[in-house]
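The values are calculated or read from the model by the stated rules, or taken from the named source; none is laboratory data. Since the model is a prediction, treat every value here as computed from it, not as a measurement. All Cβ positions, even for glycine, are placed from backbone atoms using ideal geometry, and neighbour counts span all protein chains on display. We work out accessible area using only protein heavy atoms, side chains counted, and drop any ligands, DNA or RNA first. Shrake-Rupley method; radii C 1.70, N 1.55, O 1.52, S 1.80 Å.
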Amino acid sequence: MNPLVLALIQLTLVLGLAPLAVGLLTFFKARLQGRHGDLPWLPYLTLAKLLRKENLLPPASWMFRATPFVVLTSAFFLALVLPLTGFGHFGTELSNFIVVTAVSALSSVFLVLGALDVGSSLSGVGASRSMTVMALLQPTIILTFAALAVITETSNINEMMAALSAINPVFPLVALPTLLLPILSLGLIALAENGRYPLANASSLLELAADQRGIFAHYSGPYLAMLEYASSLKLTVFALLIANFILPTALLTGPLALGSGLLAVLGVGAVSLAKLGVMMLSLACLESTISRMRFYRLQEYLTATFFLALAALVLALVVDLL
Amino acid sequence: MTAQTLVIALAVSFLGTLVASGLALLPFKESQRISNVVLFLSTVMGVGLGAVVATSGSLTLAFPFDLGETVSPFFFNMNFMLDRFAGIFYALVNGVAMLTALYAVAYAPAVSSLQARRVTVLLGLLIFSLQGILLASNIVGFVFFWELASLLLFFLIMVGRSKAARQAAVLYLFISQLAAAAITAGLFVLSGGALLSTFSLIAYSASALTSPILAVSVVLLTVGFAATAGLVPFHVWLPEAQVVTPPAVGALLLAAVPKVAIYGFLRVILFMIPGVPAWLPIVVLILGLLSAIFGALYTIMERDGQRILAFSTVTNVGLIFTFIAVALFAANNGNEALMQATLFAALFQALAHAVGKAGLSTVFATLAIQLEVMNLEHLGGLARRMPQLSLIACVLILALAALPPFAPFVAQWTFIQAVVGGLSAATLPLMVALLVGLAGVTFVGGLSSLALVKLYAVTFLGEPRSEQAAQAKEPRWGLLLPSLLSAAALLFGGLLAPKILSSLGATSLVVTNSASGFIRVDGGSLLPLGLTVVFAALLALIFLLRYVVSNPDFERQAVAWTGGQASGSRLTFTATSFSGPARYFFRFLLRTQKELVVTPLIATNPWITRTRFQLTVSSVWYERLYRPLSSGLMWLANIVRKVQSGSIQVYVGFIALALVLALIIAL
């Protein structure tokens, strides 16, 4: 298929599935905790409702207005360039891991700036905490991807996926056991990037747990919809990326591709939905079994992830040398 | 352009700064403005010439004329030349000087005071001597201009005449003179004592030196250049000096002076010594990472805008030295490609940081002039009152935080990509160095973006925390122009990075088969233009969707929700509160002391209290290094003083002793 068409299919699929991922997560969590819970497609309705609502603007500068646009654009960018439904489509030359990390950092920086633009301590707490976590997470992200780059001998995430599926299209972990540590580390990074347990409580607006969500406190209406959508996109992108590193199967490209045509697109959509479902179920299990860490203990989490990533890189290098 | 015109143009640009400095001495009203305009024109010429020489195929361009003999005996046989390598730094120094001069033209002080006139004269002379360092090709010329620049900078720091200015100036004089002495001694050891040896001759004579003597010289030169560049533990003078220098000079101090020291270091290491000693990369890596990490942590902690800028320069110089250290490791392990990539990353980072820091210094100079407050706790809310300045500052901050698509991002991308790509083929010692460099640079990258976001957010966002900040107004466009130019240069420097790098000679890194070209380093490629176009297209799509899906006019102003408290400046996050988490996480390195005193106003009621909170961040370097050093010196001076008893008999005794000793040695 045409690379541009492949890219548009991926963008459409991911953009369409993103709210459902959050819906599934809250649904699974509710069921695990013995509640009936909302229906999984509630986020679509919430977004539609927010888009119709009036946009209330607190006293702030142009930064407050710029933030939702930059944050959502970064999320779109990640959804376009990363290998989520296939690899090698249009835009994949841009999926160098340093570029991806930097674009994601750009979005975090704008979230923090937008939050601090309103002179309120609630969003200030969230901003300062999330910025600190993001800053300390930078080396971990780079080292994790460096380990993957050493294993697959490329720095482009799409080419990494292609290399993995060329080695073993069903389950590359069997052929490359060193892949386990970077994937584990990527999971821990995803928890931090998305403000999930044990770092923060993403479904609470309470001040004590406001690490990430306090940032949204002053946004309303369409702007809030944009930020919510961006955060659900980020969650979906991370979930699909990790799922694809474990199982680079049944994509639009690769040795075990589903072929081309409308049926293949529908098949990939169904497979992506299944991957998202499994990832959200495991996240829901994790979030229902552990508790949130005190913020001032997060340096233990961050240090542990850093050394896990370093161990992943060293192990990859040692195996490479042997 | 023929070589002859190039040489003449170079002479005009070089002497133009001297002329500009002289013009400021003339006793008529507009002399300062004319001086600044001349300075601007000659530095614009300097930028162009530096760029032409840096990108030209011919390796060196020597002056055919001797400035000396006819002008002054002091210039006797002093050679001048500009090769490709010095051309890069010539463009850099002139670029920063150009922004400074442009700013000085717009910022004409209301009263043409004696002090302002002094600053204008000294500024021209300082730029002249910095250019001279880059043009000099022998020891005498280099040391002469180096010493001249040190002394001029001393006077520029001193010019404010406050107690703080005097202290900063003396501290600077102490460190800069030690550095200059070390550099002079190092160069003389390298040349075998020949005074007029040119750099190319030194490269010959140095190859005959034994390794211990070479080591002595390299240690001296490294310490000298590191101290001038502001590396930890010699960094203490930089923030103190930055606080007291006049507004227009800050850019030069932070952006140009450390880069000239980097030039000197690279000139010696790359072109003069026969081979890099095995221990040198380790020393440079330690110095670089120490500076980068401590610089970043102090940038996070600091509350004074000027000191934050100074510590951010320390961080950046540390990063550049780390890049250089990795390049030296690669050179010693025979990995030519990795050395090229990391060295060009260092050069590009030096260029990009100089431009960005010069722009940011002028932004903060404007704030200092208009608001007369530099403590971030008393700023805030400026973005609503100065939208244009805050937008420019935002671009500069994002660029300096190494976010795409700006030039510093390209430099750091090149470094990280080269290291990651070089890891698997590296020998074990190189691999360890690469791992340390990679972890250190990314760690510092995160911390420094945290610090820069704090600087921007606390200054420009939120509610104003003082009267002055509440009454801020958009500055004149003349004051905005230098920072706007620098922001534009960083943007285009990032977008056109492949072109710039390939014309600087990094042809191995750049693939120019497509329209814009891209940078390719060991297993990874970067398309700055493609990245920006895709991002802009997605941004346009989202703008469109916003207008299609929701009604953009359905909005109104509302009050901020602050949990029931009265909103206002009391609730705005300050620099101290923003850096709270980082301060807690790094308390073992920062040694902060927190003191909280709560006294109840009414003895029976524990809730109505008066609270006093005090936070002190002490400098480990002052307490552990400089204070013991200074008290040790005082102790030594006291012992020596006992010799000067003041009685003539003792002095006669000394003379007799000296005579006897001389006779014993002579016979």
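Quick notes on this one:
- Residue match in region A:139-154 (condition: under 28 Å from residue A:51 (Cβ atoms) and among the aliphatic types (A, V, I, L, M)): no
- Number of residues in region A:118-141 that are at the interface with chain B (Cβ under 7 Å from one of its Cβ atoms), closer than 14 Å to residue B:573 by Cα and open to solvent by 10 Å² or more (accessible area, probe 1.4 Å): the value is 3.
- Taking the criterion of being under 25 Å from residue B:27 (Cβ atoms) and open to solvent by less than 10 Å² (accessible area, probe 1.4 Å), the residues of region B:121-151 that qualify are B:123, B:124, B:126, B:127, B:129.
- Number of residues in region B:553-586 that are exposed (fewer than 14 other Cβ atoms within 10 Å of the Cβ) and either at pLDDT below 85 or facing another protein chain (nearest Cβ under 8 Å) (or both) equals 9.
- Checked against (1) modelled with pLDDT of 80 or more; (2) more than 11 Å from every other protein chain (Cβ to nearest Cβ); (3) open to solvent by 70 Å² or more (accessible area, probe 1.4 Å); (4) in contact with a strand residue (DSSP E or B) (Cβ under 8 Å, 6 or more places away or on another chain), residue B:597 passes all but a single condition, namely (3).
- Residue selected from region B:326-346 under the condition over 26 Å from the mean Cα position of the chain (by Cα) and in a helix (DSSP H, G or I), by the criterion nearest to residue B:436 (Cα to Cα): B:332
- Residue count for region B:526-551 under the criterion of being facing chain A (nearest Cβ under 8 Å) and either open to solvent by less than 50 Å² (accessible area, probe 1.4 Å) or closer than 18 Å to residue A:104 by Cβ (or both): the result is 11.
- When region A:283-300 is filtered for residues that are away from chain B (no Cβ under 14 Å) and either of a type in the set (A, V, I, L, M) or more than 20 Å from the chain's Cα centre (by Cα) (or both), the ones remaining, listed by number, are A:283, A:284, A:286, A:289, A:290, A:291.
- Elements of type helices (runs of 4 or more DSSP H) in region A:1-100, at least 2 residues being among the small types (Gly, Ala, Ser) and surrounded by fewer than 22 Cβ atoms within 10 Å (Cβ to Cβ): A:3-32
- Scanning region B:484-505 for residues that are open to solvent by less than 30 Å² (accessible area, probe 1.4 Å) and at pLDDT 95 or above gives B:486, B:487, B:490.
- Checking B:460, B:443 one by one, the residue that is open to solvent by 20 Å² or more (accessible area, probe 1.4 Å) and more than 19 Å from the chain's Cα centre (by Cα) is B:443 and no other.
- Screening the candidates A:170, A:174 for the property of being more than 9 Å from chain B (Cβ to nearest Cβ), within 24 Å of residue A:266 (Cα to Cα) and over 15 Å from the mean Cα position of the chain (by Cα) yields one hit, A:170.
- Residue-level check: of (1) touching a helix residue (DSSP H, G or I) at 6+ places or on another chain (Cβ under 6 Å); (2) assigned to a helix (DSSP H, G or I), residue B:404 misses just (2).
- Lone qualifier among A:110, A:69, A:64, A:87 - being at the interface with another protein chain (Cβ under 8 Å from one of its Cβ atoms) and touching a residue at least 40 places away in the same chain (Cβ under 8 Å): A:69
- Against the list (1) within 23 Å of residue B:235 (Cα to Cα); (2) surrounded by 12 or more Cβ atoms within 10 Å (Cβ to Cβ); (3) modelled with pLDDT of 75 or more, the condition residue B:631 fails is (2).
- Being modelled with pLDDT of 85 or more, farther than 30 Å from residue B:367 by Cβ and surrounded by fewer than 20 Cβ atoms within 10 Å (Cβ to Cβ) holds for only one residue in B:37, B:19, B:44, B:71, and it is B:19.
- Region A:182-204 residues that are under 21 Å from residue A:229 (Cβ atoms) and at pLDDT 85 or above, paired with ones that are charged (D, E, K, R) and in a loop (DSSP other than H, G, I, E, B) (beta carbon under 8 Å, 6 or more apart): A:190/A:196
- In region A:142-163, the residues that are touching a residue at least 24 places away in the same chain (Cβ under 8 Å), hydroxyl-bearing (Ser, Thr, Tyr) and facing another protein chain (nearest Cβ under 8 Å): A:155
- Residues that are in contact with a Pro (Cβ under 6 Å, 6 or more places away or on another chain) and of a type in the set (Val, Ile, Thr) within region B:315-337 comprise just one, B:317.
- Taking the criterion of being hydrophobic (A, V, I, L, M, F, W, C), open to solvent by less than 10 Å² (accessible area, probe 1.4 Å) and out of contact with any Ser or Thr (no Cβ under 6 Å at 6 or more places or on another chain), the residues of region B:276-308 that qualify are B:280, B:284, B:297.
- Within region B:353-366, one or more residues are of a type in the set (Ser, Thr, Tyr), in contact with a Phe, Trp or Tyr (Cβ under 6 Å, 6 or more places away or on another chain) and surrounded by 24 or more Cβ atoms within 10 Å (Cβ to Cβ).
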